[in-house]
1. Going residue by residue through region 7-29, is there one that turns out to be out of contact with any Asp or Glu (no Cβ under 9 Å at 6 or more places or on another chain), modelled with pLDDT under 80 and not in a helix (DSSP H, G or I)?
2. Mind listing whichever residues of region 30-48 are at pLDDT below 75 and not in a loop (DSSP other than H, G, I, E, B)?
3. List the pairs whose first member sits in region 45-69 and is surrounded by 13 or more Cβ atoms within 10 Å (Cβ to Cβ), whose second member is at pLDDT below 75, and whose Cβ atoms are under 7 Å apart, counting only residues at least 6 apart or on separate chains?
Amino acid sequence: MARVIERKVTWATAAAYLTSSGLLGVLAAVQDNARVLEPLPDSISPLVLSLVPGLITFAAGWKARHTPRPDLGQR
């Protein structure tokens, strides 16, 4: 039996990809001018940059509905 990928997984994956790509695009655009991260200490900047895609992925997965699974029956 073929397994179906849940909508939640699809949306969360798309959100992670788009967010990461967007962050990389912004950072590439301000490559020589790093004022975007200037207010943050150097030790915290990587943490903040890695949290943004994770938080948006979480939000997309939370918001998306589950794919119906009639094969599991009612509980």
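The values are calculated or read from the model by the stated rules, or taken from the named source; none is laboratory data. Quick caveat: nothing in here was measured; it's all calculated off a predicted structure. Note that we place each Cβ from the backbone using ideal geometry, even for glycine, and neighbour counts take in every protein chain shown.
1. no
2. Ser45, Pro46
3. Once the first residue is surrounded by 13 or more Cβ atoms within 10 Å (Cβ to Cβ) and sits in region 45-69, its partners that are at pLDDT below 75 give Ser45/Leu37.
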